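The values are calculated or read from the model by the stated rules, or taken from the named source; none is laboratory data. It should be emphasised that the depicted structure is a prediction, and the values quoted were computed from it without experimental measurement. Counting neighbours? That spans all protein chains shown, and the Cβs are built from the backbone with ideal geometry, glycine included.
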Protein chains: 4
Amino acid sequence: MTDRISIGVLGASGYTGADLVRLLAAHPKADIRVLTANAHAGKPMSAVYPHLGGLALPALKRVEETDWSGLDVVFCGLPHGTSQEVIAGLPEEMKVIDLSADFRLRDPAVYAQWYGHEHRALALQEEAVYGLSEHYREAIRGARLVACPGCYPTAALLLLLPLLQAGLIEAEDIIIDAKSGVSGGGRALKEAMLFCEVAEAIQPYAVASHRHAPEIEQELSIAAGKELLINFTPHLVPMNRGELLTCYVRLRGAANATELCEALEERYGEEPFVRVLPKGAAPATRHVRGSNFCLLGAFDDRLPGRAILISTLDNLVKGSSGQAIQNMNIMFGLPETLGLEQQPLFP
Amino acid sequence: MTDRISIGVLGASGYTGADLVRLLAAHPKADIRVLTANAHAGKPMSAVYPHLGGLALPALKRVEETDWSGLDVVFCGLPHGTSQEVIAGLPEEMKVIDLSADFRLRDPAVYAQWYGHEHRALALQEEAVYGLSEHYREAIRGARLVACPGCYPTAALLLLLPLLQAGLIEAEDIIIDAKSGVSGGGRALKEAMLFCEVAEAIQPYAVASHRHAPEIEQELSIAAGKELLINFTPHLVPMNRGELLTCYVRLRGAANATELCEALEERYGEEPFVRVLPKGAAPATRHVRGSNFCLLGAFDDRLPGRAILISTLDNLVKGSSGQAIQNMNIMFGLPETLGLEQQPLFP
Amino acid sequence: MTDRISIGVLGASGYTGADLVRLLAAHPKADIRVLTANAHAGKPMSAVYPHLGGLALPALKRVEETDWSGLDVVFCGLPHGTSQEVIAGLPEEMKVIDLSADFRLRDPAVYAQWYGHEHRALALQEEAVYGLSEHYREAIRGARLVACPGCYPTAALLLLLPLLQAGLIEAEDIIIDAKSGVSGGGRALKEAMLFCEVAEAIQPYAVASHRHAPEIEQELSIAAGKELLINFTPHLVPMNRGELLTCYVRLRGAANATELCEALEERYGEEPFVRVLPKGAAPATRHVRGSNFCLLGAFDDRLPGRAILISTLDNLVKGSSGQAIQNMNIMFGLPETLGLEQQPLFP
Amino acid sequence: MTDRISIGVLGASGYTGADLVRLLAAHPKADIRVLTANAHAGKPMSAVYPHLGGLALPALKRVEETDWSGLDVVFCGLPHGTSQEVIAGLPEEMKVIDLSADFRLRDPAVYAQWYGHEHRALALQEEAVYGLSEHYREAIRGARLVACPGCYPTAALLLLLPLLQAGLIEAEDIIIDAKSGVSGGGRALKEAMLFCEVAEAIQPYAVASHRHAPEIEQELSIAAGKELLINFTPHLVPMNRGELLTCYVRLRGAANATELCEALEERYGEEPFVRVLPKGAAPATRHVRGSNFCLLGAFDDRLPGRAILISTLDNLVKGSSGQAIQNMNIMFGLPETLGLEQQPLFP
C-alpha cells in the first residue's frame, strides 16, 4: 500500500462526500485515511450512508480533531466560508482539492457580492487553480490547491468554451436553461427538497440569481476576451442525479450546428470523458448517470442564425466528485481515467 | 335531465378522453351518452380505465357504429387525420369540439407540410374557430366547430399574446424552453414512454421540429402583425402531468418585468383560470396539477433589455380536456367555470 | 350563506390541512372561516400552499388568537398531545372532528404506552366516537367529538372488519404488509423524507412498532370478540399519495376468496365510497388518487386455507381529510357524498 | 489479451443484456466478442443503448449468423423457450450461462405447467446447474451450463435457505410479499410498463400466479426435505431498479430474530456479496442499487412465535447480470468478486 495516495475527505456526510467515497473505493491508488463530518463525529460512515456498509472505512471525526500527518491530499466538501478557513489551516505540503465555491471566483469583489462576506483567505484564492480538467490540465498538474468548478459551470463551460474560443458563437445573449436533479441541493433539511415538494413537478428556482452564474461568466469572459453576462435559469427536476443544460446561442458569420459539432469534436476527440454526439442527437441525463462522462450535442434552430446546444453530466460525478478525482489523478501523475472508468447506470 | 347537454366522446381510450370523462362527471349540466374507442369496442370504460369504475357510463363502441341522434356535442380525441374524416361525417346540427391537431392550423399548406398529407376537410377547416378560450371567446360562442389548441400552444399563447399585443416584447428571437410530463405523449406503446426510459432522467425531444411550433407561430404572428418564427425546444420530464414553459424574450423600449406583470394582470385580472403571479414568484407545475388553472410569472433577466417569462398548466386539463369543457360552457351559454372549479391536487 | 357550515381548520399548514381546504373549497355547504398555523401566523394560506392561491381564504393565525364565536365545527390537524389540549379548551357547543391520534385509542393505558405520556383529556376521550364512517355512522351522527381513524387503520378496517364479523377469517396471525406514499409522513423536515432518500427506493419502516398497529388491533378485537394482535409492517414507496395494504389471512372452514368478495360486496354494496372488485382483480393506488374511494379485492392463495386481501385508498383523502368531511356531512345531516364526488386523478 | 475470456452475449438488447455489458466492461478478464439482438441486427449497441456509447463493442448481429468459434462462454438473455433451442445448438465445448427461465426448474412437468409447453432440451436441463452462487458454488465450478436463478428467487433463497436448513423456521405458510422496480419487466412494449401507468402508484400483480413461485418452492423444498408451497405476492414499485422481499415466517421452537440474524451471519460471514444487518436494521433497495450486494435483515414480530425477514438486491445485478458474472468467475477459476466490486449508487 506504500504507493497509494493517502486521502482525507472533509465534510464526508454530504452527497458529494459519499460519492467521493464510492468512487475512491474503486480507485486502485486511493487510500482513504480520514473522513470528517462534525455533526456525525464518532459514527461509522455506514451509519450515515448505509449503502457504503461494505467498505472498511475510518470512523467519522471532527475536522478540528484530525491528525493531518501522512495525508497526501484532502478533498474538501465543506460549506463555502468554512472551507476557506479550514483550508487555510492545513499543512502547506498537503495538496487540496476543494469542492466548495470558495476558490472558484478570481475576483474577491465578485465573491463578496455573491457570497455575502469578504473572502478570508485571499492568498490562497490567488494561488488556486480552477479545476476544469479538460481546460486547465497543465495548471492543475502543478497546483497545490485546486478549486473544482460547480456542477452547472462544468456542464456549461465544457460546451461553450471551445465555441467561444473558436469564434463560432456570439458572446452576447447566451441563454442557459438548466435542469438539475435534486441531489444538487445536497442533503440539508429544506422543505423545498422534501419528496412531496419535488416529485411530480418541475419548477424554476434562483432565476437570474444563482451563484453559478458569475462563475460561468468569469470563464466565458476569459474565452471571449471581454466581459460578458449570461442568462442562467435553473430548474429542479424530480430525479436524483443528472443535469442537462439547453443553451440558446447566436452564431457568428455563417456557422451552423454542423460546424459547432465539428469544433467540439476537434477539441474533445481525444478526451476520455467528453463525448460529442452527431448533430441532431439529443444527450439525456440517463446516458451519463453515475459516470464521469459529459455529453455534448448541437442542433440547428428554426430561428435563422441561431443554434441550440445541449450538455449533460452527472452533477455528483463529472459535476463534482468525479472531476475532483480526475484532478487528483492529474496532480499525482496518474492516468487520468484511473478509478473513473465506470459506465453509466441505466436504467 | 332534459336540461343537460348530451355528449359524445370520440377516442375515449386516450388519456385525454379519460380526463374528459373525469371532469364531465363533475359537471352538473353534462350527460355522457356516447363513448367510442375502436380498439376497445364492447368493453366498459372501467376495463380500460379502472379509476373511473365508480361512474355509470355507456360502454365503449366503434365510432362507425355510433348513433348520433340526440347528441348536442361531441368531443373528438381521435388522432390527427382520422379526426378530420370522422368530423366531416357528423350531423351538421351537432357541435364539435376537436382536441386533435386537425383544425388548428389556418393555412392548409402549413398543415400539409407538418402533418405529411393534404387536408381532407378544407371547408371545415375554414369554419373552425381556434379554441383558446380567453382570446377567442366571442368566436367560440357562435362556433359549430372549435379546434382546441395544443397543450404547449395554450401555455405559450396565454403568456405571450398580451405582451406582443401591447408591444412590450420584441417579436424576434422568442425562445421557448418547454418541459412536459409524460402524459403529453399519450397512452401509445412507444419505447420512449416506458417507465425505465423516462424515470430519473430528463431529455430534449423533437428539437426545432415539434408540430406545436407552427401553431404557436401562427397565433403570435397575428398578434405581432407580421410573420415570425420562434425557437421551441421541448423536454420530457419524469412526471405524469404538467407543463412548464420558460420563455426568453427581448423587451421593447424601456419595458421591464414589472410592466410585463402589470400588462398580464390587466389582461387576465377578471379571468377565472389565468393567474398572474407577482414579479419574481416562480410558477411550478405542482401548483396547477389536475386543475384548469394557468399560472404566469415574469422575472428580470441579468442580461440587459431581456426578461424571463414562465407559464405553467396541466397539459391534460387547461392544455386539453379542461379547456375543451371551458369551450363547451361558452358554446352553450353556461357559466364558464362550470364543472371546472376543482382545486389543484398537491402533493 | 346563512345555511352554510362555519368551519375552522386547526393546523392548516400540514398536508392534511391543505387537502381539507382543497376539498372544502368544492363543498357547497362549507364556509371556511378560520385557518390556524402557529408557525405561519399572519401569512396568507397561499404563501404556504401556492396551489391554493386561487381561493379566497382567511389568513393564517395562531390558535391561541382564534375567535371561536360563530364556528359550527373545527377540524383539528394538530400534532398528537397538542390536539387534546387545544380541543379541551374549545367551546362546548362546537363540534370537533379530530384528525390527530389523540382520541382514537379507547384504553388510556394503551395510549400512554404508545404515545409516551398520560392522556390529558380523559373525559373527552371517553366521549369521542371513532370516525370510521361506514362502521360507526349512527354514533357519528350524534357525536360532538369524532376521532378520525389513521390512514392505515381506515384501509385495514374497511377490509377486515366485515370478514371477521362474518366469521370468514381467523383472528389469529393476520399479517398486514402496508405500502404508503410519502405524504403520510407529513411536511416535517426529516432527512428520511428528502427526495433523494425516497426516490428510486423502497424500504420498510417502523417494523412491528408503528402506532397504527394498536389502533387496528383495538377495532379488530371488537369485531372478533376477543383480544388479538396483528402483524403490521409498513413500507415507504416513492410516490406522493396512496396506500395499499396486502393482507394475508387464514380462512375459517371452507371459505374462499369468492365468498370473501361476496361478503364484502354485501356489506358495502350500497356504500358510495367503498368498491369491491371482482375476485382476482387487483386494486392499485392510481385508481383512487385524490378521491375518497377505498377499493377492496380478494385472491385465492397458493397456500391451502389462506387468502390474499388488498385494500387501497388515498391516505390524504379517505385516509384523512376526505373521511373527515364525510363525517362532517353525517354530523350535520347532509348527503354523505357532498363535496366528495371528485373522481380519481389518473394519470 | 490472450488471457482474457472471449464472451458472447445473446439477446443483448434487453435491460439484462445492457447491464451485462456495463459490468463486463469493467471486468479485467472479460472480452466481449459477440453481441446478438435479432430485432436490431446491424446496429451498433450504442444505437440501442446510448449510455454505452463510450465503449468499443462489436455490432449487434442475428444469433443465427453468429460465428461461435473462439468463444469461451456465452451469456444467454433470450426469452424462455427460445433459449433452450438456441443453447441446444451451441458448440459443446463452450460454456453457457443462461439468464432465462429455461433450465431453472428441475422437474419437466412443472416447467410444462408454468411455461405452457413441453421442454425441448431435456438432456441439457438435466445437466444444468442452478446458479445460486453462494449455495451451489462447487457444482457451478464444474458446470458447462449454469441456469441463473430468477431475481425474486435469488433474494428469497439467500434469505430463507439457511434458516430452513438450520431448522429455525417452519416450512409451512411462508409468506413472501415482494416489491420490484420496473426493470424487472424488461424493455418490452407493454401498456402496464408505461411511465404514466407506473409512476405515483403501487399495485400487486401476478398474485398467486407468478412463475418465480415454483422456482422458490423447488429450492426451499430441497432445504426443508419435503414438498412445500409458498405465498408469493409481487408488487410493482415506481422505481427503475431494486427488489425488496418482506417475508413472514413462523419460528420453530424458541427461536427469535436474534438467532436468525446469527444463523445468517454464520452462513454468510465470509461471503463478499451477502451482508447481514444487525437485528432491527431495515435493508432498503437504495443501499444496493447498481451493485452485486444482497442485504438481509430480521425483526421480531408482534405476533408471538413469528418473525419478519427482509431481503433486498438489485434485480438487474445480483438478481441477474451480476450473479451471472459471479458464476462466470467461479466457472473460470477467477476471484469471485472480479469486475463486481462497484459500490452502490446513492442517491
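Would you confirm, using the coordinates I've provided, whether D:E134 is modelled with pLDDT of 95 or more, farther than 22 Å from D:A18 by Cα and loosely packed, with under 13 Cβ neighbours inside 10 Å?
Here the answer is no, as D:E134 does not meet what is asked.
Could you tell me which numbered condition C:A171 fails, if it satisfies all but one of (1) assigned to a loop (DSSP other than H, G, I, E, B); (2) crowded, with 22+ Cβ neighbours inside 10 Å; (3) not polar (S, T, N, Q)?
(2)
Scan the stretch D:23-42 residue by residue and report those that are within 14 Å of chain A (Cβ to nearest Cβ) and either touching a residue at least 40 places away in the same chain (Cβ under 8 Å) or over 21 Å from D:T337 (Cβ atoms) (or both).
D:L23, D:L24, D:A26, D:H27, D:P28, D:A30
Do we find that A:E197 is within 13 Å of chain B (Cβ to nearest Cβ), touching a helix residue (DSSP H, G or I) at 6+ places or on another chain (Cβ under 8 Å), free of Cβ contacts under 8 Å to residues at least 24 places away in the same chain and assigned to a loop (DSSP other than H, G, I, E, B) in this structure?
No, not satisfied.
A quick yes/no check of all residues on (1) under 25 Å from A:R289 (Cα atoms); (2) touching a residue at least 40 places away in the same chain (Cβ under 8 Å); (3) surrounded by 20 or more Cβ atoms within 10 Å (Cβ to Cβ); (4) at the interface with another protein chain (Cβ under 9 Å from one of its Cβ atoms):
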{"position": "A:K190", "(1), (2), (3), (4)": "yes, no, no, yes"}
{"position": "A:V207", "(1), (2), (3), (4)": "no, no, yes, yes"}
{"position": "A:E215", "(1), (2), (3), (4)": "yes, yes, yes, no"}
{"position": "A:N231", "(1), (2), (3), (4)": "no, yes, yes, yes"}
{"position": "A:C247", "(1), (2), (3), (4)": "yes, yes, yes, no"}
{"position": "A:L264", "(1), (2), (3), (4)": "yes, yes, yes, no"}
{"position": "A:F273", "(1), (2), (3), (4)": "yes, yes, yes, yes"}
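Of all residues in the stretch B:294-305 being surrounded by 20 or more Cβ atoms within 10 Å (Cβ to Cβ) and within 7 Å of another protein chain (Cβ to nearest Cβ), which is farthest from B:G181 (Cα to Cα)?
Step by step, filter the stretch B:294-305, then rank; the result is B:L303.
I'd like the full set of residues that are more than 21 Å from C:T233 (Cβ to Cβ) and within 10 Å of another protein chain (Cβ to nearest Cβ), limited to the stretch D:306-319.
D:D314, D:L316, D:V317
Which one of these is within 30 Å of D:E93 (Cβ to Cβ), surrounded by 19 or more Cβ atoms within 10 Å (Cβ to Cβ) and not hydrophobic (A, V, I, L, M, F, W, C): D:Q326, D:Q343?
Going through D:Q326, D:Q343 in turn, just one is within 30 Å of D:E93 (Cβ to Cβ), surrounded by 19 or more Cβ atoms within 10 Å (Cβ to Cβ) and not hydrophobic (A, V, I, L, M, F, W, C): D:Q326.
Quick one: in the stretch C:1-20, of everything that is surrounded by 24 or more Cβ atoms within 10 Å (Cβ to Cβ) and among the aliphatic types (A, V, I, L, M), which residue is farthest from C:A88 (Cα to Cα)?
In this case the residue turns out to be C:A18.
Given (1) under 24 Å from C:G339 (Cα atoms); (2) without any contact (Cβ under 8 Å) to a residue 60 or more places away in the chain, where does B:D19 come up short, assuming only one miss?
(2)
When you scan the stretch A:134-148, do you find a residue that is in contact with a strand residue (DSSP E or B) (Cβ under 9 Å, 6 or more places away or on another chain), farther than 26 Å from A:G322 by Cα and among the acidic types (D, E), even just one?
Checked the stretch A:134-148: no residue is in contact with a strand residue (DSSP E or B) (Cβ under 9 Å, 6 or more places away or on another chain), farther than 26 Å from A:G322 by Cα and among the acidic types (D, E).
Among the numbered criteria (1) part of a strand (DSSP E or B); (2) more than 9 Å from every other protein chain (Cβ to nearest Cβ), which one does A:K179 miss?
(2)
It is to be established whether one or more residues within the stretch A:275-293 are surrounded by 24 or more Cβ atoms within 10 Å (Cβ to Cβ), within 13 Å of chain B (Cβ to nearest Cβ), in a strand (DSSP E or B) and not charged (D, E, K, R).
no
Testing D:G269 on (1) among the small types (G, A, S); (2) more than 12 Å from every other protein chain (Cβ to nearest Cβ); (3) surrounded by 17 or more Cβ atoms within 10 Å (Cβ to Cβ); (4) closer than 28 Å to D:R137 by Cα, one condition comes back false. Which one is that?
Just one mismatch for D:G269, condition (3).
Give me the pairs, please: first residue somewhere in the stretch A:329-347 and more than 14 Å from chain B (Cβ to nearest Cβ) and touching a residue at least 12 places away in the same chain (Cβ under 8 Å), second residue anywhere and surrounded by fewer than 23 Cβ atoms within 10 Å (Cβ to Cβ) and among the charged types (D, E, K, R), beta-carbon distance under 7 Å, and either six or more positions apart or on two chains.
Within 7 Å, the pairs are A:I330/A:R137; A:I330/A:R141; A:I330/A:E336; A:M331/A:K95; A:M331/A:R141; A:L334/A:K29; A:L338/A:K29.
Matching residues to (1) more than 30 Å from B:E219 (Cα to Cα); (2) in contact with a strand residue (DSSP E or B) (Cβ under 6 Å, 6 or more places away or on another chain):
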position: B:K29; (1), (2): yes, yes
position: B:V48; (1), (2): yes, no
position: B:D67; (1), (2): yes, no
position: B:D72; (1), (2): no, yes
position: B:I97; (1), (2): no, yes
position: B:D107; (1), (2): no, no
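Hey, D:A59 hits all of (1) within 23 Å of the chain's Cα centre (by Cα); (2) modelled with pLDDT of 95 or more but one; which does it fall short on?
If we test D:A59 against (1) within 23 Å of the chain's Cα centre (by Cα); (2) modelled with pLDDT of 95 or more, just (1) comes out false.
For the stretch A:295-312, which positions are part of a strand (DSSP E or B) and over 22 Å from A:T285 (Cα atoms)?
A:R306
Give B:L60, B:L71, B:L78, B:L99 a once-over and let me know the one that is crowded, with 16+ Cβ neighbours inside 10 Å, touching a residue at least 40 places away in the same chain (Cβ under 8 Å) and within 30 Å of B:E227 (Cα to Cα).
B:L99
Out of the residues in the stretch C:154-176 meeting the condition of being within 17 Å of the chain's Cα centre (by Cα) and of a type in the set (V, I, T), tell me which one is farthest from the other protein chains (Cβ to nearest Cβ).
C:T154
Looking at the stretch D:1-31, which of its residues are among the hydroxyl-bearing types (S, T, Y) and either over 13 Å from D:A324 (Cβ atoms) or touching a His at 6+ places or on another chain (Cβ under 8 Å) (or both)?
Within the stretch D:1-31, D:T2, D:S6, D:S13, D:Y15 qualify.
Checking B:I202 against (1) more than 12 Å from chain A (Cβ to nearest Cβ); (2) buried (at least 24 other Cβ atoms within 10 Å of the Cβ), only one condition comes out false. Which one?
So B:I202 meets the others, but not (1).
Do any residues in the stretch A:163-176 that are over 14 Å from A:A298 (Cβ atoms) have Cβ atoms under 9 Å from those of residues that are at pLDDT below 95, where the two are at least six apart or on different chains, and which pairs are they?
That search, which allows pairs on different chains as well, returns A:G167/A:G253; A:G167/A:A255; A:D173/B:D173.
Looking only at the stretch B:100-132, count every residue that is of a type in the set (S, T, Y) and touching a Ser or Thr at 6+ places or on another chain (Cβ under 9 Å) and tell me the total.
Here the count works out to 1.
Among the numbered criteria (1) assigned to a loop (DSSP other than H, G, I, E, B); (2) within 21 Å of D:P335 (Cα to Cα); (3) in contact with a helix residue (DSSP H, G or I) (Cβ under 8 Å, 6 or more places away or on another chain), which one does D:V96 miss?
(1)
Would a scan of the stretch D:102-116 turn up a residue that is under 17 Å from D:Y248 (Cα atoms), at pLDDT 95 or above and surrounded by fewer than 24 Cβ atoms within 10 Å (Cβ to Cβ)?
The answer is no; no qualifying residue exists.
Do we find that C:N240 is at the interface with chain D (Cβ under 9 Å from one of its Cβ atoms), within 25 Å of D:A201 (Cα to Cα), in contact (Cβ under 8 Å) with a residue 40 or more places away in the chain and outside any strand (DSSP E or B) in this structure?
Yes, satisfied.
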